[in-house]
There are 2 protein chains.
Amino acid sequence: MPIYKAPTRDTLFIINELLRLEDYGNLPGFENASADMINAVIEEGGKFCAEVLAPLNLPGDQQGCTRNADGSVTTPQGFKAAHAQFREAGWGTLSAPEEFGGQGLPHVMGMAMEEFVSSANQAWGMYPGLTNGAVSAIIVKGSPEQKAKYLPKMIANEWLGTMNLTEPHSGTDLGLIRTRATPNADGTYSITGTKIFISAGENDFTDNIIHLVLAKTPDAPDSTKGISLFIVPKVLVNDDGSLGARNAVSCGSIEHKMGIHGNATCVMNYDGATGYMIGDENKGLAAMFIMMNAARLGVGIQGLSQAEAAYQNAVKYASERRQGRALTGPADPAEKADTLFVHPDVRRMLMDAKAFTEGMRALCLWGALQVDLSHKAATEEDRQAADDLISLLTPVIKGYGTDKGFDTCVNMQQVFGGHGYIEEWGMSQFVRDCRITQIYEGANGVQAMDLVGRKLAQNGGRAVQAFFALVDAECAAAKAKPELASVAERVEKANGELKAATMWFMQNGMTNPNAVGAGAHSYMHIMGIVTLGLMWIRIGEVALAALAAGTGDKAFYEAKLVTARYFAERFTPDAGALRRKIESGADSVMALPVEAFATA
Amino acid sequence: MPIYKAPTRDTLFIINELLRLEDYGNLPGFENASADMINAVIEEGGKFCAEVLAPLNLPGDQQGCTRNADGSVTTPQGFKAAHAQFREAGWGTLSAPEEFGGQGLPHVMGMAMEEFVSSANQAWGMYPGLTNGAVSAIIVKGSPEQKAKYLPKMIANEWLGTMNLTEPHSGTDLGLIRTRATPNADGTYSITGTKIFISAGENDFTDNIIHLVLAKTPDAPDSTKGISLFIVPKVLVNDDGSLGARNAVSCGSIEHKMGIHGNATCVMNYDGATGYMIGDENKGLAAMFIMMNAARLGVGIQGLSQAEAAYQNAVKYASERRQGRALTGPADPAEKADTLFVHPDVRRMLMDAKAFTEGMRALCLWGALQVDLSHKAATEEDRQAADDLISLLTPVIKGYGTDKGFDTCVNMQQVFGGHGYIEEWGMSQFVRDCRITQIYEGANGVQAMDLVGRKLAQNGGRAVQAFFALVDAECAAAKAKPELASVAERVEKANGELKAATMWFMQNGMTNPNAVGAGAHSYMHIMGIVTLGLMWIRIGEVALAALAAGTGDKAFYEAKLVTARYFAERFTPDAGALRRKIESGADSVMALPVEAFATA
């Protein structure tokens, strides 16, 4: 049975020492986040995830979900009861607005909790996770009546929410959807169509599920410009808030997937279901992107979460399993063999995981802070700067974070040798569950195209130029400190590769858009390296200051400095190789006709 | 249902045009390999795999194996019948010696067939595959009586064979094994102990299974120097070859694994089973390595095989699925969307797969030719040179080949988007099955240590120096040809990185062995890049010559030149990054105490 303990020490380090959340107490929405509150939420939230959710993870994978003959879905044993505990403790309300019953804490807090939930049980975490996505769309686009009717129940987790985009022939290309919304006389719409891959689409957690559904009205343009968004409750809600009749939406089947077995991935059939338009007609995609952007950060956190859980188990195994001897001579002569920890190649994998997870955690929580600041910073300029940063980095957090998260899970499984391949050890599940994070909410190739095709050029490149300047300034400052100089030099070099790749895109993209497309994935990875590098410089700065001040816990801060060095030495070299790949262009990528790919 | 068709066109290109197998007709063992024979074996073998084995792959994954109450194991439906067909057609005898009933064809032919078998059904292929490993040990180390008794039946696939190394506390470190071999008065041994992870350990294919088992005699040294190898038949074999009493060996349970569900991975209990020592007492590890080296090449082929199968399905999906529009404007304006093929990032993944699988196929078959030449070349010098090369490259073929094979499966799954995550499409299975190849027969970190810790230094570095010279000479020759110059320059540069990394190991390894260990995995990958690069230069040379000669099939050879260029542009840049990682040394890898890895 795999272990899990929330990394509260590291999370509190990031929130309190790196982000210094308390310093923002003058801003609206941050005043609730006192030091005591932060510590209590992180400690208690971490405990809940470790004690209640984690033990259900492996059994949930083995049991999976069952669709019953009546179309209802039974989730794995214990899932529903755990959700009742989650709901009662209010864990789903942390960052939700107070006016709808939330606790009004910064997103940073909700994001930290999301990591713990997902590490403990990704499949379970997706039930409240999708609800958060739906909530965010209703907050921004819902009418006052819609907000009043749905948000308090959804935020309280009394009802769950889902996102219905994909259809059998329409995934990334939402312009192809066929689900129809026919207006009724009373202002509602009649929704008909089939949606697939609907996570948490049907389940036994709550009395009601609020589906947000993309559909086309009769005269809508036949493209992404003709998509509208609808609220389609599983059970209709009366004006007094009580539940009414069952709506004409049902789960047709559930998928057999590689992982996240505990989450019901449903085919949803809408047979003239009553729907309520949310936002403007034909503007559904914009509303959808509100959900998507929130969801993409959440998926980035999932990539981290599986890497963290896998890492914890690999550390435990490597420190207990004895096999072979240290290359430098027996480390434990009294034993018949040394632990796996003595082997440099095992260490390499563990240090890779440590450098990634700690850096990625800093990046995700810093990203969540930018979401907060984009709404709540004191000046328009500050809000704009935060919004620029998080818009630019959302595809990086999602795409790079989940690619590296998956690689980390695979490496941590590798530490176990043959035992890693046996399901009862749980390492296979981390790999299988993590794999979906590279695919859903926009496959990582789509993230890369979002980054290079949309985000780079927005507002004349304002966001990326600000990012370059930010990294250069912090590298310059860190280079002045002997303990951080070599780290800063390597990150600065990687930033140089990123700038060069950006320039290459500018020079070649106009004449051949494929040149940008063929380099997009590599570009996203360089930016991931630079962004984590920025985090490691900042972590190094905080560690240095703490050591200088003698604040105690010396070993913790010294380990941060070593890990920063490891990151610089072992992650940044890839930036140069990725740039060379980008600069080789699209010719050899696009040259061959389809027939040339047949092998037989 | 996934598709599979044997890549016979490419295999025949490699055998006939790249390796020019016919040119070796003067050597013993090659005379049977006429052009007609080669073509017939490849075409018919490929057909058998595609038509008989491939359709059983997905159902076999879903059904898995069942251990019955009496300890017998039932394999998935159709597996046993397919084996009967395989046996009757003699597909298992291709490269086996004629004196024991084999067809005496070069290993190249057996290796080509192994790829097809494994692509079609990896779990199934492991049953005869393990038998081959056991056969190779008996051929080299068995007494004349043992050979006569076991080899004809095993080669004919009337009996299967297994390899029993691992115990619960003893995986990579075989010095720790506890299985005991107590001598009996009649010269046999009584074998007692528990072996785990025994692939094909028990099954319903044949009447008998010949287990090769590592165990310790009573006074053996308590290390790898005290291990002996035993033949332990499931059913004892009388002197006249008939089956006698059931031996005291049984399957205690079968594992629930991430993949290869169709192969029974058994816990094998030996309770005073009768065993026959093979080879000399305490020299079992040497005998084991005969099996292991054969098996490691076979595992490299498995990595390729899953990548190939996944690639074929991704090509099909990408050419049928319509989603989005080409960046350069609609490719199929009459359709509502273009195929996935127009998207540069999808192409990138497909070209990665094409460059890897075609290059890796050349490498594996060339490697198999070296195995043949190491035994059968005309001069001792040629035999030595071939043996040096294949010894050096075996860990690269296994380690790099399976790492890249797995990455390729993951990328091909990614081409399918959400559908790749659904089991019925079969892409998950390729990923899950391929994952074991990085682990078994020596995890890839162990391969890397074998390469840098053993193979590099053997005979004063003779093998690696010869390899460097070989690559440099072929790069120099190719640079003279305009069509190959840039490919050769990039491969030469990668070879330069490899030489520099080798030098760095020599300069730092003596004072700090961990410096070598910390760079071993990166080193293995650079050598993989250079070796595939060598193959692509050779493929390019052959393609150029064929185009110049106007031999027809112009598109095939032109595609080879484009793919060579793609390989050079997109694979070789990593060599420089990997060298930089190696040269960062072991300091930051080894600096932290175990306690620093705790996250909570």
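The values are calculated or read from the model by the stated rules, or taken from the named source; none is laboratory data. Note that the structure is a prediction, hence the values are computed from the model and not measured. Neighbour counts are summed over all protein chains in view; Cβ atoms, including those assigned to glycine, are modelled from backbone coordinates with ideal geometry.
A single member of B:I155, B:I177, B:I196, B:I191 is touching a strand residue (DSSP E or B) at 6+ places or on another chain (Cβ under 6 Å) and more than 30 Å from A:A318 (Cβ to Cβ), and it is B:I191. Note on the range B:253-272: residues that are in contact with a Lys or Arg (Cβ under 8 Å, 6 or more places away or on another chain), away from chain A (no Cβ under 12 Å) and part of a loop (DSSP other than H, G, I, E, B) total 1. Only one entry of A:G71, A:G92, A:G60, A:G101 meets the criterion of being on the phi > 0 side of the Ramachandran plot and in contact with a helix residue (DSSP H, G or I) (Cβ under 9 Å, 6 or more places away or on another chain), and that entry is A:G101.
So that you can scan it fast, the table gives a plain yes or no per residue for (1) touching a Phe, Trp or Tyr at 6+ places or on another chain (Cβ under 9 Å); (2) crowded, with 17+ Cβ neighbours inside 10 Å; (3) in contact (Cβ under 8 Å) with a residue 40 or more places away in the chain:
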| site | (1), (2), (3) |
| --- | --- |
| B:G171 | yes, yes, no |
| B:I177 | no, yes, yes |
| B:A185 | no, no, no |
| B:T192 | yes, yes, yes |
| B:K195 | yes, yes, yes |
| B:N203 | yes, yes, yes |
| B:N208 | yes, yes, yes |
| B:H211 | yes, yes, yes |
| B:K216 | no, yes, no |
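Can you pull out the residues in the range B:259-269 that are surrounded by fewer than 24 Cβ atoms within 10 Å (Cβ to Cβ) and over 24 Å from B:T179 (Cα atoms)? Walk me through how you get there before you give the answer.
Just the residues of the range B:259-269 that are surrounded by fewer than 24 Cβ atoms within 10 Å (Cβ to Cβ), to begin with: B:259, B:261, B:267, B:269.
Scanning the range B:259-269 gives B:G259, B:H261.
Looking only at residues in the range B:531-572 that are without any contact (Cβ under 8 Å) to a residue 12 or more places away in the chain and at the interface with chain A (Cβ under 7 Å from one of its Cβ atoms), the one that is nearest to A:V342 (Cα to Cα) is B:V562.
Of everything in the range A:218-250 that is crowded, with 23+ Cβ neighbours inside 10 Å and out of contact with any Phe, Trp or Tyr (no Cβ under 9 Å at 6 or more places or on another chain), the residue that is farthest from the other protein chains (Cβ to nearest Cβ) is A:L229.
Working carefully through the options A:L165, A:L151, find the one that is more than 14 Å from chain B (Cβ to nearest Cβ), of a type in the set (A, V, I, L, M) and within 16 Å of A:F230 (Cα to Cα). Give the steps one after another, and end with the answer.
Details: A:L165 fails: more than 14 Å from chain B (Cβ to nearest Cβ).
None of the other options fit; the residue is A:L151.
Kindly indicate the residue of the range A:469-485 that is hydrophobic (A, V, I, L, M, F, W, C) and not in a helix (DSSP H, G or I) and also farthest from the other protein chains (Cβ to nearest Cβ) among those meeting that condition. Before you say what the answer is, go through the steps one by one.
Just the residues of the range A:469-485 that are hydrophobic (A, V, I, L, M, F, W, C), to begin with: A:469-471, A:473, A:475-478, A:480, A:484-485.
Now drop any that are not not in a helix (DSSP H, G or I), which leaves A:480, A:484.
Values: A:A480: 21, A:L484: 14 Å.
If we take residues in the range A:469-485 being hydrophobic (A, V, I, L, M, F, W, C) and not in a helix (DSSP H, G or I), then A:A480 is farthest from the other protein chains (Cβ to nearest Cβ).
Of the helices (runs of 4 or more DSSP H) lying entirely inside the range A:6-125, those containing at least 1 residues that are assigned by TED's automatic domain parsing to the domain that holds A:I138, surrounded by fewer than 20 Cβ atoms within 10 Å (Cβ to Cβ) and over 22 Å from the mean Cα position of the chain (by Cα) are A:35-48, A:57-63, A:79-89.
Summed over the range A:196-228, residues that are in a strand (DSSP E or B), touching a helix residue (DSSP H, G or I) at 6+ places or on another chain (Cβ under 7 Å) and either more than 18 Å from A:Q146 (Cα to Cα) or at pLDDT below 95 (or both) total 4. Can you tell me how many residues within the range B:573-585 are under 30 Å from the mean Cα position of the chain (by Cα) and facing chain A (nearest Cβ under 7 Å)? Residues flagged as under 30 Å from the mean Cα position of the chain (by Cα) and facing chain A (nearest Cβ under 7 Å) within the range B:573-585 amount to 6. Any residue at all in the range B:451-462 that is at pLDDT 95 or above and within 18 Å of the chain's Cα centre (by Cα)? Yes, the range B:451-462 contains a residue that is at pLDDT 95 or above and within 18 Å of the chain's Cα centre (by Cα). Checked against (1) surrounded by 22 or more Cβ atoms within 10 Å (Cβ to Cβ); (2) at pLDDT 95 or above; (3) over 18 Å from B:K398 (Cα atoms), B:E308 passes all but a single condition, namely (3). Please tell me if B:S95 is more than 30 Å from B:E423 (Cα to Cα), hydroxyl-bearing (S, T, Y) and free of Cβ contacts under 8 Å to residues at least 40 places away in the same chain. Here the answer is yes, as B:S95 does meet what is asked.
In the condition set (1) more than 7 Å from chain B (Cβ to nearest Cβ); (2) on the phi > 0 side of the Ramachandran plot, A:F356 is compliant with all but (2). Do we have A:A331 as outside any strand (DSSP E or B) and more than 9 Å from chain B (Cβ to nearest Cβ) here? Against the criterion (outside any strand (DSSP E or B) and more than 9 Å from chain B (Cβ to nearest Cβ)), A:A331 qualifies.
Which one is nearest to the other protein chains (Cβ to nearest Cβ), of the residues in the range A:276-327 that are part of a loop (DSSP other than H, G, I, E, B) and within 21 Å of A:L212 (Cβ to Cβ)?
Step one: filter the range A:276-327 for residues part of a loop (DSSP other than H, G, I, E, B), giving A:279-282, A:321, A:323-327.
Add one more test, that the residue is within 21 Å of A:L212 (Cβ to Cβ), and what stays is A:279-282.
Details: A:G279: 24, A:D280: 25, A:E281: 22, A:N282: 18 Å.
My answer is A:N282.
Within the range B:315-344, the set of residues being crowded, with 24+ Cβ neighbours inside 10 Å and not aliphatic (A, V, I, L, M) comprises B:H343, B:P344.
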